[in-house]
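The values are calculated or read from the model by the stated rules, or taken from the named source; none is laboratory data. Everything numeric here is computed off the predicted structure, so don't read it as measured data. Glycine gets a Cβ as well: all are built from the backbone with ideal geometry, and neighbour counts include every protein chain shown.
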Amino acid sequence: MINVGIIGATGYAGSELVRIISAHPDAQIKTLTSQSYAGKKYSEVYESYRHKDYICDEEDIEKMADECDVIFLALPHGVASKKVNENILSKTKIIDLGADFRLQNIETYENWYTTHYAKDILPEAIYGLCEINREKIKGKRIVANPGCYTSCSILSLYPLVKEKMIDLKTIIIDAKSGATGAGRGLSLANHYCELNESVKAYKVASHRHTPEIEEQLSYAAGEDVVLNFTPHLIPMDRGILATCYANLNKDYTYDDIRSAYEKYYKDEYFIRLTKEGTFPETKWVKGSNFVDIGFTIDKRTNRVIVIGALDNLFKGAAGQAVQNMNILFGLDEKTGIDFVPVFPA
């Protein structure tokens with residue numbers, strides 16, 4: 001059995017990790033920690049765990065590194081880089097659900113986030129978008145789990161960028177997220193009366209997932225990609241829907257575009273291409289590790305419109321983190337995360 005430690009287990013992504021690992025056939029929770037609820041039963045935080053005897057421990061990452069085969073960090077940005085060092089990595093594997101190890105360009109990270117405290121470790125970290133970096137993830141000691149918006153946006157556009165089918169200067173991503181994407185902390189903007197019966201754009205032209213999307217698509221393109229990314233908050237619990245636009249470089253047909261997606265995704269279990277004329281909905285992926293992708297060509301404007309959907313807490317966070325764990329330990333990637341989406345919910 002893989003002994004698992006979870007730091008930040010009472011946030012939404014952390015709690016989803018607890019739920020998945022609790023039922024994983026090849027892993028068990030050794031330690032889970034919470035700064036806010038240390039010493040309390042996990043069931044005092046989430047009543048749904050009354051059948052479990054989990055306790056929220058005080059964090060001691062050094063001790064966890066000695067006892068755990070892998071530690072998941074479900075923490076706000078800027079925290080993980082203060083905790084991870086060579087000594088920790090010499091004893092355990094790290095999967096970071098935050099942003100600290102996603103961007104390889106230190107200057108970019110510090111411009112968009114804060115000071116980075118593990119510059120010596122950063123070059124070793126691999127971006128854990130499994131369907132693209134699977135072979136690079138194997139054997140690593142530290143994996144940067146991608147963000148939810150980024151996973152959906154990158155996977156939706158990757159084949160078109162890789163095959164140079166679109167004008168890279170014309171990419172626009174219009175994305176929507178459920179309220180859990182903002183985390184479990186109290187915020188006026190996330191109160192029911194503020195959120196309900198409304199849709200709003202936020203962090204327009206300034207969202208921190210923008211450089212993450214640009215960096216990864218730049219690797220795919222072999223040149224710099226600069227794009228527009230606009231997130232929106234939707235009054236639902238979970239889910240991401242990304243609608244991506246770009247000008248086509250040639251007069252491609254639907255079958256041409258479809259062939260590009262099948263070239264990269266035909267053997268990817270967790271990526272499902274919709275049939276022509278059918279476009280993804282968040283309810284089709286809720287509670288699962290699937291990413292649904294559909295597209296159409298607007299002949300009038302010679303643009304392709306790609307729509308991707310995923311569950312921000314599952315494939316966009318905890319499910320993908322466990323998928324990364326499975327790769328690190330040589331398990332079938334689907335182990336413990338092969339859930340049929342929940343419907344209706």
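Structure data summary
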| read-out | value |
| --- | --- |
| Residue that is modelled with pLDDT under 95 and not assigned by TED's automatic domain parsing to the domain that holds L160, where the choices are A345, A318 | A345 |
| Cβ-Cβ under 6 Å pairs, at least 6 apart or on other chains, the stretch 202-213 side buried (at least 18 other Cβ atoms within 10 Å of the Cβ), far side of a type in the set (S, T, N, Q) | H209/T150; P211/T108; E212/T150; I213/T150; I213/S153 |
| Criterion (surrounded by 14 or more Cβ atoms within 10 Å (Cβ to Cβ), modelled with pLDDT of 95 or more and farther than 28 Å from I171 by Cα) met by exactly one of E268, E333 | E333 |
| Close pairs (6 angstrom Cβ cut-off, 6 or more residues apart or separate chains): buried (at least 18 other Cβ atoms within 10 Å of the Cβ) in the stretch 49-69, among the small types (G, A, S) anywhere | C56/S34; C56/A38; M64/G5; C68/G5 |
| Scan of the stretch 267-313 for residues that are among the acidic types (D, E) and either closer than 17 Å to D237 by Cβ or more than 22 Å from the chain's Cα centre (by Cα) (or both), ordered by number | E276, E281, D298, D311 |
| Y252 touching a strand residue (DSSP E or B) at 6+ places or on another chain (Cβ under 8 Å), in the same structural domain as W284 (by TED's automatic domain parsing) and modelled with pLDDT under 95 | no |
| Residue that is more than 19 Å from R208 (Cα to Cα), in contact with a Leu (Cβ under 8 Å, 6 or more places away or on another chain) and either in the same structural domain as P76 (by TED's automatic domain parsing) or modelled with pLDDT of 95 or more (or both), where the choices are I173, I166 | I166 |
| Within the stretch 9-124, strands (runs of 3 or more DSSP E) holding 1 or more residues that are of a type outside the set (A, V, I, L, M, F, W, C) and farther than 22 Å from G139 by Cβ | 27-33 |
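Listed here are the residues, each with its yes/no results for (1) within 25 Å of A317 (Cα to Cα); (2) at pLDDT 95 or above; (3) touching a strand residue (DSSP E or B) at 6+ places or on another chain (Cβ under 6 Å); (4) assigned by TED's automatic domain parsing to the domain that holds N302.
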| position | (1), (2), (3), (4) |
| --- | --- |
| H209 | yes, yes, no, yes |
| S218 | yes, yes, no, yes |
| M236 | yes, no, no, yes |
| L248 | no, yes, yes, yes |
| Y261 | yes, yes, yes, yes |
| R272 | yes, yes, yes, yes |
| E276 | no, yes, no, yes |
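Residue-by-condition table, conditions (1) out of contact with any Asp or Glu (no Cβ under 9 Å at 6 or more places or on another chain); (2) surrounded by fewer than 24 Cβ atoms within 10 Å (Cβ to Cβ); (3) modelled with pLDDT under 95; (4) not small (G, A, S):
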{"site": "E110", "(1), (2), (3), (4)": "yes, yes, no, yes"}
{"site": "A118", "(1), (2), (3), (4)": "no, yes, no, no"}
{"site": "L122", "(1), (2), (3), (4)": "no, yes, no, yes"}
{"site": "A125", "(1), (2), (3), (4)": "no, yes, no, no"}
{"site": "K140", "(1), (2), (3), (4)": "no, yes, no, yes"}
{"site": "P146", "(1), (2), (3), (4)": "no, no, no, yes"}
{"site": "V161", "(1), (2), (3), (4)": "yes, yes, no, yes"}
{"site": "A182", "(1), (2), (3), (4)": "yes, yes, yes, no"}
{"site": "L188", "(1), (2), (3), (4)": "no, yes, yes, yes"}
